[in-house]
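Just so it is clear, none of the values below were taken in a lab; they were calculated from the coordinates. Worth saying up front: this structure is predicted, and the values here are computed from it rather than measured. Glycine also receives a Cβ, built like all others from the backbone with ideal geometry; neighbour counts cover every protein chain displayed.
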Amino acid sequence: MTECECSKKRKHRGENEYRSLINRLSRIEGQVRGIKNMIENDAYCTDVLVQVSAVQAALNAFSKELLSNHIHTCVAENIRKGDDSVIDELVVTLQKLMK
């Protein structure tokens, strides 16, 4: 596991969560490669834009799943331990997501 530049915190994910997130990312990666191939093969602009929209929707679905997992695990666990600072962190995260 590589060190994230933005945070020193870690999150161990269970097998199901890990597999689900990795599968989503693999599908998104494939979609992005497909868009690259479309550009390389001179695909029509509208067709490319439709695929870009599909990738954006897939990334949004990934973010929703990850956020839900975060709230149910990291946020809930820290609140149970009496650490309410995780609420402020969540608010800042939501503000960034809602740009």
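Give me the number: length gained by fully extending Leu59 to Lys99, i.e. 0.36 nm times residue separation minus the C-alpha to C-alpha distance, one decimal in nm.
On the way: separation 40, 0.36 × 40 = 14.40 nm, distance 1.52 nm.
Working it through step by step, the gained length comes to 12.9 nm.
Quick one: if you stick a label point 7 Å off each Cα along the C-beta vector at Arg27 and Glu89, how many nm between them? Each label point lies 7 Å from its Cα, and together they span 2.9 nm. A straight chain from Asn16 to Asp47 at 0.36 nm per residue would run longer than the Cα-Cα distance by 7.7 nm.
If one takes the longest principal axis of the Cα atoms in the chain, at what angle in degrees, from 0 to 90 and to the nearest 10, does the Cα axis of helix 85-97 lie? The answer is roughly 20 degrees. Per-residue ellipticity at 222 nm from helix content only, as computed over the chain with -39500 (n - 2.57) for each DSSP H run of at least four residues, stands at -24000 deg cm²/dmol.
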